[in-house]
Each structure stands twice: as C-alpha cells, then as structure tokens.
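Everything on this sheet refers to the single structure shown next.
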Amino acid sequence: MVLIENMKTEELTSHVSAFQEYCIDVATGKFGHEDYETKRSEFIKLHPSITPYIPKRIYDNRDGSNFWAFIKSVSDKYK
C-alpha cells in the first residue's frame with residue numbers, strides 16, 4: 001500500500017477492511033504477527049483522511065509482539 005491522494009472511497013474502504021481482517025486473523029491465530037509492523041506502517045500512511053479514525057491501540061502497539069500482548073490482555077481465550 002502506498003499513499004494515494006486521489007484514492008476512491010471504495011478502494012480506501014477496501015484497504016481499511018483488509019487491515020481490520022488482518023488484525024482479526026492475527027488475534028485469532030490464523031496468521032502470526034511477524035508482518036504486523038510493516039502492515040501497520042503501510043496502513044497508517046495509506047491516506048491522511050483516515051488518520052483521525054485509526055484506533056489508539058494501533059498507534060500504541062507498534063510491532064507484532066506489542067499487538068499480541070494487547071490481544072492476550074483483552075481475553076483469557078487468546079492465551
């Protein structure tokens with residue numbers, strides 16, 4: 001993903017949904033968290049219009065280990 005100033009709403013929505021699905025897959029064990037830092041960085045830089053809507057936990061959990069620790073703290077089921 002790259003910053004695209006003139007990105008169509010549908011395309012932007014697709015990228016946001018894809019990152020959300022990726023986070024869910026990591027949280028549920030479908031994928032490991034090794035790619036999280038790269039995907040997170042690409043997502044944050046995707047488009048300035050989404051910046052105010054990105055959850056604080058995405059900013060706070062900068063790498064896969066931090067994200068996984070956060071997920072485990074949400075529920076005993078993730079351990």
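The values are calculated or read from the model by the stated rules, or taken from the named source; none is laboratory data. Small disclaimer: the values here were computed from a predicted structure and weren't measured. Note that we place each Cβ from the backbone using ideal geometry, even for glycine, and neighbour counts take in every protein chain shown.
Before moving on, here are some points about what is shown:
- Of the criteria (1) in contact (Cβ under 8 Å) with a residue 24 or more places away in the chain; (2) part of a helix (DSSP H, G or I), which one ARG57 fails: (1)
- Being hydrophobic (A, V, I, L, M, F, W, C), touching a Lys or Arg at 6+ places or on another chain (Cβ under 9 Å), in contact (Cβ under 8 Å) with a residue 40 or more places away in the chain and surrounded by 12 or more Cβ atoms within 10 Å (Cβ to Cβ) is a condition met by no residue of the stretch 29-50.
- For beta carbons closer than 9 Å, sequence separation of 6+ or different chains, a first residue in the stretch 1-13 that is closer than 12 Å to PHE43 by Cα and outside any loop (DSSP other than H, G, I, E, B) and a second that is aliphatic (A, V, I, L, M) and modelled with pLDDT of 60 or more, the qualifying pairs are LEU12/LEU46; LEU12/ILE50.
- The stretch 51-68 - residue that is exposed (fewer than 12 other Cβ atoms within 10 Å of the Cβ) and not aromatic (Phe, Trp, Tyr) and, of those, modelled with the lowest pLDDT: THR51
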